[in-house]
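The values are calculated or read from the model by the stated rules, or taken from the named source; none is laboratory data. No experiment lies behind these values; they were computed from the predicted model shown. A quick note on method: Cβ atoms are made from the backbone with ideal geometry, for glycine too, and the neighbour counts reach across all protein chains shown. Heavy atoms of the whole protein, side chains included, go into the accessibility calculation; ligands, DNA and RNA do not. Shrake-Rupley method; radii C 1.70, N 1.55, O 1.52, S 1.80 Å.
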Amino acid sequence: MSLDHPDREKPLIMVVGCGDLAARLLSMLLHTPDTNRVVLAGRDVEKMTRTVNLARFTATNLGLIPEVTVERIDLDDIAATAGTLARVRPDIVFMAASLQSWRIITKLPKEHFEALDEAQFGPWLPMHLTLNHRLAEAVRASGTAPKVLNAAFPDAVGPILDKVGLAPTAGIGNVANIIPALTFGYAIEASVDPSSVELRLVAQHYFSHYVPRFGNEGNGRYHLSATAHGKPLDDIPHGAVFAHLSGRLRRLGGDAGQLLTASSAMRVLHAMATDSGVRAHAPAPNGLPGGYPVRVGRDGPALDLPDGMPVDTAVAINEECQRADGIDRIDDDGTVTFAEREMSIMKRLLGYECLTMPLAESADWAEELDAKYRAYAARVTG
């Protein structure tokens, strides 16, 4: 049953953005009967039309006839976006748009990518916060109340927007993306079937980015518990499990790795569409910082913390891990203070330095960061 339309059998899902993640997710949605009422929304109607038809025809080959349309929206025009939302009335909005993809620096020559990657993800926040802020304002102005899932740096975007009453329902990816590999790692160490392993992980984006690349947690604080057939696996060292992620369980990243993020999103969207209550992991449920174990039903992800762990403890773990990602703190008005070490790398390499950022200044900082990065990329690529 639809979230807002009881006379319909499935929710209407609006996917905002038409990049690689959105295209991969669109195919998954259209190939699944419970989620194949979809609107793809963005600025490039020609690209969206071709993307929709490719996914539609592929679904048809698999014996499904999805209901899928295209809507032009420009998130810079908040009033027009609000009007489209009021007319279309999606039950769920999936936000896949950013001013700059996280993957862009991976295209740099290896030594320059590795140097810039030392700044972590936090300093790039304005590229992901700006459009989310505009979408949230448009949702509020539309008079509708869709559930909103955010794919763009949700670990930090969610808690910032929560300070001004505009938080998305939850995010996707990040903490969720590392769960399958950790599951296989525990299965190897415990000599059990992966299907018997159940994990609960509290961790911010830094952890899920760092462990698969380096096989250890780096500077990231986290909490991880595991069971097999319901019995604790406390005797298995985390380091032994983590080492598998950069060893026999290493995987493709970059553009190809978006497939994993799309599947993490699909797990949440399908659970919402079917009100299944499935266990999963998600960043920023109800605007909390970082990522958490959750159960997902009609209303989105709800916390499913390890037994005995207070919410405040889980939040503190993620806030500390967030500092390793380059964000020192988020104030009650949504102002962000960035960590000195990580921002100093941005200053040295790009000539960009933002020590504190009020929410209202996000777009201006994004414009400056874009210009500084483009100049840097042009220099190092010749």
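Conditions: (1) open to solvent by 50 Å² or more (accessible area, probe 1.4 Å); (2) part of a helix (DSSP H, G or I); (3) without any contact (Cβ under 8 Å) to a residue 60 or more places away in the chain. Residue 132 meets all but one. Number of the miss?
Of the numbered conditions (1) open to solvent by 50 Å² or more (accessible area, probe 1.4 Å); (2) part of a helix (DSSP H, G or I); (3) without any contact (Cβ under 8 Å) to a residue 60 or more places away in the chain, the odd one out for residue 132 is (1).
Only one of 123, 159 is closer than 18 Å to residue 99 by Cβ, open to solvent by less than 10 Å² (accessible area, probe 1.4 Å), of a type outside the set (Gly, Ala, Ser) and in contact (Cβ under 8 Å) with a residue 60 or more places away in the chain. Can you tell me which?
Details: 159 fails: closer than 18 Å to residue 99 by Cβ.
Every option except 123 fails the conditions.
If you go through region 256-285 one residue at a time, how many are more than 16 Å from residue 27 (Cα to Cα) and surrounded by fewer than 18 Cβ atoms within 10 Å (Cβ to Cβ)?
5
Which ones in region 39-72 are open to solvent by less than 10 Å² (accessible area, probe 1.4 Å) and more than 20 Å from residue 87 (Cα to Cα)?
Scanning region 39-72 gives 52, 55, 59.
Please work out which residue is farthest from the chain's Cα centre (by Cα), limiting yourself to region 83-94 and to residues that are open to solvent by less than 10 Å² (accessible area, probe 1.4 Å) and hydrophobic (A, V, I, L, M, F, W, C).
Checked region 83-94; the qualifying residue farthest from the chain's Cα centre (by Cα) is 85.
Evaluate region 93-104: report whether one residue or more is within 16 Å of residue 379 (Cα to Cα) and in contact (Cβ under 8 Å) with a residue 40 or more places away in the chain.
Checked against the condition, which is being within 16 Å of residue 379 (Cα to Cα) and in contact (Cβ under 8 Å) with a residue 40 or more places away in the chain, region 93-104 yields at least one hit.
Of 10, 107, which residue is surrounded by fewer than 22 Cβ atoms within 10 Å (Cβ to Cβ), under 29 Å from residue 365 (Cβ atoms) and among the basic types (Lys, Arg)?
Selected residue: 107, the only one of 10, 107 that is surrounded by fewer than 22 Cβ atoms within 10 Å (Cβ to Cβ), under 29 Å from residue 365 (Cβ atoms) and among the basic types (Lys, Arg).
In region 310-348, what count of residues is obtained for those that are closer than 20 Å to residue 171 by Cβ and of a type in the set (A, V, I, L, M)?
Summing the residues that are closer than 20 Å to residue 171 by Cβ and of a type in the set (A, V, I, L, M) in region 310-348 gives 9.
Which residue pairs have Cβ atoms under 7 Å apart, sit 6 or more places apart or on different chains, and have a first residue in region 354-376 that is farther than 21 Å from residue 108 by Cβ and a second that is at pLDDT below 95 and surrounded by fewer than 15 Cβ atoms within 10 Å (Cβ to Cβ)?
Matching pairs, first to second residue: none at all.
For region 164-201, enumerate the residues that are farther than 20 Å from residue 213 by Cβ, in contact (Cβ under 8 Å) with a residue 60 or more places away in the chain and touching a strand residue (DSSP E or B) at 6+ places or on another chain (Cβ under 7 Å).
The answer is 168, 169, 170, 171, 172, 198, 200.
Please specify each residue of region 349-363 satisfying the condition of being surrounded by fewer than 14 Cβ atoms within 10 Å (Cβ to Cβ) and at negative phi.
355, 356, 358, 360
Being buried (at least 22 other Cβ atoms within 10 Å of the Cβ) and either part of a helix (DSSP H, G or I) or modelled with pLDDT of 95 or more (or both) narrows it down to one residue among 145, 138, 115; which is it?
138
Considering each residue of region 189-227, count those that are over 21 Å from residue 156 (Cβ atoms), in a helix (DSSP H, G or I) and in contact with a helix residue (DSSP H, G or I) (Cβ under 6 Å, 6 or more places away or on another chain), and give that number.
Here the count works out to 2.
Test each condition in (1) in a helix (DSSP H, G or I); (2) modelled with pLDDT of 95 or more for residue 257 and report the one that comes out false.
So residue 257 meets the others, but not (2).
Quickly run through region 228-237 and pick out the residues that are within 20 Å of residue 280 (Cα to Cα) and either assigned to a strand (DSSP E or B) or open to solvent by 30 Å² or more (accessible area, probe 1.4 Å) (or both).
228, 229, 230, 231, 232
Out of everything in region 174-201 that is closer than 20 Å to residue 151 by Cβ and open to solvent by less than 10 Å² (accessible area, probe 1.4 Å), what residue ends up being nearest to the chain's Cα centre (by Cα)? Step through it out loud before you land on a result.
Within region 174-201, the subset closer than 20 Å to residue 151 by Cβ is 174-181, 201.
Next, only the ones that are open to solvent by less than 10 Å² (accessible area, probe 1.4 Å) stay: 175, 178, 201.
Values: 175: 9, 178: 12, 201: 16 Å.
If we take residues in region 174-201 being closer than 20 Å to residue 151 by Cβ and open to solvent by less than 10 Å² (accessible area, probe 1.4 Å), then 175 is nearest to the chain's Cα centre (by Cα).
Answer with yes or no whether residue 167 is open to solvent by 30 Å² or more (accessible area, probe 1.4 Å), out of contact with any Ser or Thr (no Cβ under 6 Å at 6 or more places or on another chain), within 18 Å of residue 283 (Cα to Cα) and outside any helix (DSSP H, G or I).
The answer is yes for residue 167.
Failed condition for residue 296, given (1) free of Cβ contacts under 8 Å to residues at least 40 places away in the same chain; (2) open to solvent by 10 Å² or more (accessible area, probe 1.4 Å), with all others met?
(2)
Please count how many residues of region 46-87 are within 22 Å of residue 20 (Cβ to Cβ), in contact with a strand residue (DSSP E or B) (Cβ under 8 Å, 6 or more places away or on another chain) and part of a helix (DSSP H, G or I).
Total satisfying the criteria: 6.
Can you pull out every residue in region 74-121 that is touching a Gly at 6+ places or on another chain (Cβ under 7 Å) and among the basic types (Lys, Arg)?
103
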